[in-house]
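> My structure is below; once you've seen it, I'll send some questions.
The values are calculated or read from the model by the stated rules, or taken from the named source; none is laboratory data. The structure presented is a predicted model; accordingly, all values stated were derived computationally and were not measured. Cβ coordinates were reconstructed from backbone atoms using ideal geometry, including for glycine residues, and neighbour counts include every protein chain displayed. Each accessible area value is taken on the protein alone, full model and side chains, heavy atoms only, with ligands, DNA and RNA left out. Shrake-Rupley method; radii C 1.70, N 1.55, O 1.52, S 1.80 Å.
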Amino acid sequence: MQVAVIDNSTIDRIYAAADIVEVIGDYITLKRQGVNYQACCPFHNEKTPSFVVSPSKGIFKCFGCGKAGNAVTFVREHEGVSFAEALKIVGKKYGIEVQEREQSEEDIRRNNDRESMFALNAWASEYFAKYLSGSDEGRTVGLSYFAQKRGFTDATIRKFGLGFCSADGEAMTMAALSAGYKKEFLLSTGLTIQREGDGKLRDRFRDRVMFPVHNISGRVVAFGGRTLRTDKSVAKYQNSPESDIYSKKRELYGLYFAKKAIQQQDFAIMVEGYTDVISMHQAGVENVVASSGTSLTTEQIQLLRRFTRNITVIYDGDSAGIHASLRGIDMILKEGMNVRVVLLPPEHDPDSFARAHSATELQTYIKDNEQDFISFKAKLMLESVGSDPIKRSEVIRDMVQSIVQVPDSIKRAIYIQECARIMSIDEQTLVTEVARQRVTSSGDKEASDFIRRQQAEARREQVVSEVERYTQPITAGSSIKSLEIELIKYLLLYGHKNFQVREGKKVVDVNVATEIIDNVDQDGITFQDDDVQELYNTYRKHWLEKGEGKEIDTLLFTQHANPNVCEKASDIIASDSNYVPSEIWRKKDVHIESDEELLAMGVRKALMLYRSKIIDNLIAEQNALLANEELSEEEHNECIKEITKLNKIKNTLSRESNRVVI
């Protein structure tokens with residue numbers, strides 16, 4: 001019977017990504033106790049916490065009921081699901097897709113092959129270590145390099161499993177075959193290569209000092225070999241190829257030896273190469289790992305994040321590769337990590353600096369010289385910019401690109417403030433650009449909403465600016481005469497147009513001219529300005545003749561027989577409207593309200609203010625009458641009634657002006 005399985009590479013990815021504290025913390029409350037975490041066991045009743053989680057080991061253990069395991073087995077036990085289902089749950093948390101399929105004979109064979117490869121690598125690591133110290137060639141060439149040139153002690157050499165591969169091109173391969181290891185695994189691990197043509201087997205790492213690469217659980221998954229020759233035609237480093245047990249993007253050199261110190265100190269030091277890691281460990285600084293000369297990957301960062309959220313990157317003082325590597329560190333920011341940078345003196349790299357200083361001196365130097373990554377990057381890039389504005393703008397764009405990666409909004413805000421200060425640029429400009437790029441790169445909803453608000457506000461300000469440039473907007477403080485001009489302006493220019501308002505559940509079409517004329521006639525209003533009254537009378541006459549919605553030729557007003565009326569009409573028509581956007585606004589894609597919405601607001605506002613002004617005048621007249629001491633009691637009461645009636649009308653006008661515009 002075939003059994004459903006999940007591909008081993010997927011399982012490895014899940015185990016590498018899973019932070020046991022994060023996973024278990026989703027189910028129970030963990031409390032930090034030193035380097036570990038404690039809680040009351042969820043698998044049995046207890047009052048005193050005996051459930052312990054060890055991040056460095058990636059395991060949990062209850063000293064009460066005896067249950068123990070890793071992040072996946074915890075989920076399996078807690079949820080009461082199968083191992084495969086538990087993998088899916090943890091995989092989903094870290095964005096890893098899990099596909100289950102039936103286990104075939106091929107799957108069984110592959111699992112066995114993986115174990116065979118691990119066994120072969122373990123044998124090879126021991127073989128290289130023994131050859132280093134147990135052969136004349138190993139001692140003369142390899143041990144001399146490690147002990148004398150690099151200053152590694154015997155204890156350090158043993159700790160990291162350092163070794164040497166003979167210059168005899170097939171010695172290791174023949175020894176492995178003699179020990180019973182199969183040719184296919186020698187080739188699949190990359191320890192051996194087969195020459196084309198004669199098919200002869202050769203040691204990949206011949207005549208090289210050897211650095212075993214351990215995975216997080218301490219198993220040897222690959223090797224790095226360094227040549228000691230000065231021949232430039234020979235590659236300085238030779239590394240194991242990708243295989244079923246090794247993916248360079250998922251491994252960090254030295255993490256197996258560093259994870260406990262990383263957790264204890266809550267930060268990791270990132271360096272470049274094998275010897276950098278080893279020298280710093282030997283000097284007493286053990287929370288250090290290396291990407292082994294490759295660019296950092298998301299998988300490596302997630303692996304490191306299981307132990308800390310803080311990374312300090314150490315750069316060689318004269319490293320020409322700093323600029324090239326800066327972009328890769330953006331990925332660390334994207335994963336929510338805190339990144340700081342230490343620049344060594346020009347004459348040093350991490351290896352030489354560690355050999356020249358004690359652990360205390362190393363730690364003090366790092367503490368005193370580390371800089372926030374954003375600040376470091378800005379200052380570094382500005383060194384080559386000078387006063388060139390184009391180059392400066394390119395640096396700012398590059399800085400923005402880094403800030404965009406930061407998922408935490410508070411951290412982004414702090415980085416923006418610092419960048420604005422260093423770059424001498426308006427902070428709000430950076431805020432807007434960061435938000436825009438986050439929308440483009442990740443669809444950030446918060447940033448998208450911010451951009452929409454910013455654009456709407458910018459468009460509103462643009463319209464207001466244009467309006468104020470050409471007109472004096474009508475306000476509650478406008479005079480009656482200016483309001484009369486406003487109403488006639490709407491009649492002459494837009495009397496034939498309609499707008500919509502919502503009345504209850506209905507949407508009603510309203511004609512501009514009808515709205516104005518009905519209100520003016522209803523209230524029996526006579527305009528104070530005689531010329532405006534004549535324009536109104538002329539428009540009303542032709543409107544009644546042609547009917548609602550018919551456009552009336554403005555020549556009737558600009559060529560009026562009365563020159564004063566003609567001048568007034570020309571002035572009104574030439575000034576355009578305060579509320580309807582011009583073509584230039586449309587071309588700029590200004591979309592605050594439609595023309596109809598603007599008309600509705602403008603007409604209603606002008607009518608309400610105008611009628612209110614008239615009522616205010618009438619109320620003022622009544623108040624003046626009340627001040628007359630010779631007024632009879634009956635006349636006094638009539639004034640009070642009239643003022644009350646006028647105030648009610650004014651309140652009604654205010655309510656009507658608030659009808660919803662569509």
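> Of (1) of a type in the set (S, T, N, Q); (2) open to solvent by less than 20 Å² (accessible area, probe 1.4 Å); (3) free of Cβ contacts under 8 Å to residues at least 40 places away in the same chain; (4) under 30 Å from residue 289 (Cα atoms), residue 189 satisfies all except one. Which?
The one condition residue 189 does not meet is (3).
> Determine if segment 40-52 includes at least one residue that is more than 31 Å from the chain's Cα centre (by Cα) and part of a strand (DSSP E or B). Lay out the reasoning, then the answer.
As a first pass, look at segment 40-52 and keep what is more than 31 Å from the chain's Cα centre (by Cα): 40-52.
Still in the running and part of a strand (DSSP E or B): 51-52.
Within segment 40-52 (the criterion being more than 31 Å from the chain's Cα centre (by Cα) and part of a strand (DSSP E or B)), the answer is yes, since at least one residue qualifies.
> Here is a follow-up. Evaluate segment 13-20: report whether one residue or more is surrounded by 14 or more Cβ atoms within 10 Å (Cβ to Cβ) and farther than 30 Å from residue 104 by Cα. Working first, answer last.
To start, the set of residues in segment 13-20 that are surrounded by 14 or more Cβ atoms within 10 Å (Cβ to Cβ) comprises 13-20.
Going one step further and asking which of them are farther than 30 Å from residue 104 by Cα, we end up with 19-20.
Yes, segment 13-20 contains a residue that is surrounded by 14 or more Cβ atoms within 10 Å (Cβ to Cβ) and farther than 30 Å from residue 104 by Cα.
> Mind checking which residues of segment 31-53 are open to solvent by less than 50 Å² (accessible area, probe 1.4 Å) and within 18 Å of residue 259 (Cβ to Cβ)?
35, 36, 37, 52, 53
> For segment 496-514, enumerate the residues that are in contact (Cβ under 8 Å) with a residue 40 or more places away in the chain and under 27 Å from residue 554 (Cβ atoms). Give the derivation first.
Of all residues in segment 496-514, those in contact (Cβ under 8 Å) with a residue 40 or more places away in the chain come to 496-503, 507, 510, 512.
Once the filter is applied, which keeps residues that are in contact (Cβ under 8 Å) with a residue 40 or more places away in the chain and under 27 Å from residue 554 (Cβ atoms), segment 496-514 yields 496, 497, 498, 499, 500, 501, 510, 512.
> Filter segment 194-225 down to the residues that are polar (S, T, N, Q) and more than 18 Å from residue 171 (Cα to Cα), then identify the one that is least open to solvent (accessible area, probe 1.4 Å).
Filtering segment 194-225 down to residues polar (S, T, N, Q) leaves 194, 215, 217.
From what is left, the residues that are more than 18 Å from residue 171 (Cα to Cα) are 215, 217.
On the way: 215: 24, 217: 75 Å².
That would be 215.
> Now for a different question. Suppose we filter 57, 67 for residues that are out of contact with any Asp or Glu (no Cβ under 9 Å at 6 or more places or on another chain) and either within 29 Å of residue 257 (Cα to Cα) or of a type in the set (A, V, I, L, M) (or both); which single one remains?
Numbers: 67 fails: out of contact with any Asp or Glu (no Cβ under 9 Å at 6 or more places or on another chain).
Of 57, 67, the one residue that is out of contact with any Asp or Glu (no Cβ under 9 Å at 6 or more places or on another chain) and either within 29 Å of residue 257 (Cα to Cα) or of a type in the set (A, V, I, L, M) (or both) is 57.
> Among the residues of segment 613-632, is there at least one that is within 21 Å of residue 528 (Cα to Cα), under 56 Å from the mean Cα position of the chain (by Cα), at pLDDT 75 or above and not in a loop (DSSP other than H, G, I, E, B)?
Looking through segment 613-632, at least one residue is within 21 Å of residue 528 (Cα to Cα), under 56 Å from the mean Cα position of the chain (by Cα), at pLDDT 75 or above and not in a loop (DSSP other than H, G, I, E, B).
> Name the residues in segment 600-625 that are small (Gly, Ala, Ser) and open to solvent by 60 Å² or more (accessible area, probe 1.4 Å), would you?
Taking segment 600-625 as the starting set, the residues that turn out to be small (Gly, Ala, Ser) are 600, 602, 606, 612, 620, 624.
Matches in segment 600-625: 624 only.
> Considering segment 359-396 alone, what residues qualify as being open to solvent by 70 Å² or more (accessible area, probe 1.4 Å) and either within 18 Å of residue 331 (Cβ to Cβ) or among the small types (Gly, Ala, Ser) (or both)?
384, 387
> If you don't mind, another one. Pick out, from segment 54-167, the helices (runs of 4 or more DSSP H) lying fully within it that include 1 or more residues that are closer than 30 Å to residue 6 by Cβ and open to solvent by 60 Å² or more (accessible area, probe 1.4 Å).
Details: elements: 71-79, 83-93, 105-134, 154-160.
Qualifying helices (runs of 4 or more DSSP H): 71-79, 83-93, 105-134.
> Could we say that residue 606 is at pLDDT 75 or above and either in a helix (DSSP H, G or I) or in contact with a Ser or Thr (Cβ under 8 Å, 6 or more places away or on another chain) (or both) here? Walk me through it before giving the result.
Working: at pLDDT 75 or above: yes; either in a helix (DSSP H, G or I) or in contact with a Ser or Thr (Cβ under 8 Å, 6 or more places away or on another chain) (or both): yes.
Taking the combined requirement at face value, the residue satisfies it.
> Hey, which of the strands (runs of 3 or more DSSP E) in segment 229-317, taking only ones fully inside, have at least 2 residues that are open to solvent by less than 10 Å² (accessible area, probe 1.4 Å), without any contact (Cβ under 8 Å) to a residue 40 or more places away in the chain and closer than 17 Å to residue 342 by Cα?
Details: elements: 237-239, 268-271, 288-290, 310-315.
Because the criterion is at least 2 residues that are open to solvent by less than 10 Å² (accessible area, probe 1.4 Å), without any contact (Cβ under 8 Å) to a residue 40 or more places away in the chain and closer than 17 Å to residue 342 by Cα, the strands (runs of 3 or more DSSP E) in segment 229-317 that meet it are 288-290.
> Six or more apart or on different chains, Cβ atoms under 9 Å: show the pairs whose first residue is in segment 46-69 and under 9 Å from residue 20 (Cα atoms) and whose second is open to solvent by less than 10 Å² (accessible area, probe 1.4 Å) and part of a loop (DSSP other than H, G, I, E, B).
58/18
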